[in-house]
């Protein structure tokens with residue numbers, strides 16, 4: 001939902017970013033030319049230097065825009081914003097260097113100026129945006145620029161939206177009234193409640209409403225038209241948010257078909273160029289990891305033969321994208337009973353064969369057991385250190401798995417996903433994922449599925465990078481590994 005406030009704020013960001021970039025260029029020139037006694041590569045006059053950068057700044061701002069730095073989805077999320085600022089600053093410097101090379105004209109009086117511009121532009125823009133974020137929060141706190149909202153709907157999403165927008169200082173929206181059943185009123189939110197939407201529309205002027213958000217369509221077309229007409233009559237903003245999450249999660253394309261607006265809904269945003277980028281990234285990183293980890297693989301294989309006689313690896317059949325079976329490669333960490341195939345083990349049946357009905361019940365309930373007697377001492381070390389999962393980089397290289405994605409589930413676990421396995425398998429499974437960095441073994445099966453469905457419907461390349469970094473921290477802390 002993009003209001004006039006967000007458009008105005010984006011315009012403010014563009015203007016101030018321009019002046020901040022100019023300040024970074026100026027500061028870099030002064031620091032190197034005025035305060036560094038070392039000789040320069042070229043004597044570039046300050047006027048010529050600044051003139052060159054005035055020509056480059058519009059392209060730099062365009063790079064920021066392409067990266068999404070003027071969208072609420074970016075500037076409302078601090079870490080993502082910082083990362084994109086860093087990338088934008090780097091690309092901006094490359095543009096200047098490329099122009100300098102193509103024109104065969106010196107722009108920088110010294111190489112160090114380029115470094116100063118890179119570091120200075122990043123730091124100054126981060127500081128500038130933090131100041132603007134604080135100023136905007138203060139304005140929202142005192143009611144400046146706040147949108148007064150009437151929410152109309154009867155679904156759970158109506159409640160979720162009301163709760164999300166309730167923090168006016170952060171959202172810039174003030175929930176004034178809700179029209180719908182009593183159940184749509186969040187606990188602790190003191191706003192006007194209207195059982196009839198007609199009454200709420202009649203009080204638009206009294207409540208000084210300037211934004212209507214509708215989450216559900218009524219069966220009566222006339223009633224829906226009445227809401228839209230009320231917004232048009234009072235010249236206020238109207239937004240419709242489908243109450244069913246499937247309509248706005250994943251990837252949506254809006255087009256016109258036979259004169260009608262048409263929304264095409266994909267199961268996941270991981271389609272097209274996103275899927276190609278993810279596969280290239282997986283291939284390069286997995287190949288590098290195999291090269292770097294090959295000495296460790298050799299050591300583990302030798303120790304496995306000594307401390308845990310038997311096969312070094314084992315493959316476990318799991319379901320990945322489109323419910324296709326893949327052989328998950330891992331270091332063997334347990335010893336199974338004779339007659340139980342380690343490649344396709346029915347754990348509950350094996351526990352019963354061991355006379356451990358308690359473990360069978362525990363496994364049926366949680367899909368794991370706290371203390372598996374089949375895991376030997378060396379296997380426990382492999383599991384706690386997560387080394388047992390390292391061979392899965394071969395699955396990634398081969399294309400069976402991705403580095404990041406939903407955890408591949410066992411075929412017998414499909415029924416536990418309660419009909420959601422199709423959406424879960426709309427993306428390729430991964431070695432690590434959102435659930436591993438959000439609690440790992442402490443999470444229940446249902447909580448794990450919810451996290452992985454969120455990943456499938458909200459994938460971004462930045463989310464993958466964030467999960468990979470968090471995975472490293474989780475492994476080193478040994479949190480949740482069993």
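FYI, it's all coordinate maths here, none of it is from the lab. What you are looking at is a predicted structure, and each value in this text was computed from that prediction instead of being measured. Positions of Cβ are generated from backbone atoms using ideal geometry, with glycine treated the same way; all protein chains shown enter the neighbour counts.
Note on region 29-59 and region 63-91: Cα centroid distance 26 Å, given to the nearest whole angstrom. Using the beta-carbon distance between residue 394 and residue 187 and R0 = 56 Å, what value does 1/(1 + (r/R0)^6) give for FRET efficiency, to the nearest 0.05? Efficiency for this residue pair is about 0.65.
Relative to one another, the C-alpha centroids of region 122-142 and region 172-248 are positioned 31 Å apart. As a calculated quantity, the FRET efficiency between residue 365 and residue 106 at R0 = 60 Å, using C-beta atoms, amounts to about 0.25.
Our summary gives region 43-174 a relative contact order of 19 percent, counting only alpha carbon pairs under 8 angstrom and 6 or more residues apart. The stretch between residue 130 and residue 313, if pulled fully straight at 0.36 nm per residue, gains 60.8 nm over its current Cα-Cα span. If you wrap the tightest convex hull around every Cα atom of region 147-243 and split its volume per residue, you get 87 Å³.
Protection proxy ranking, highest mean first, for peptides 105-116, 288-299: 105-116, 288-299, where packing is the per-residue count of other beta-carbon atoms within 10 Å, averaged.
Using 0.36 nm per residue and subtracting the Cα-Cα separation, the extra length available between residue 226 and residue 465 on full extension is 81.4 nm.
Between the alpha-carbon centres of region 274-303 and region 353-408 there is a gap of 20 Å. The value of relative contact order for region 147-243, using C-alpha pairs under 8 Å at least six residues apart, is 32 percent.
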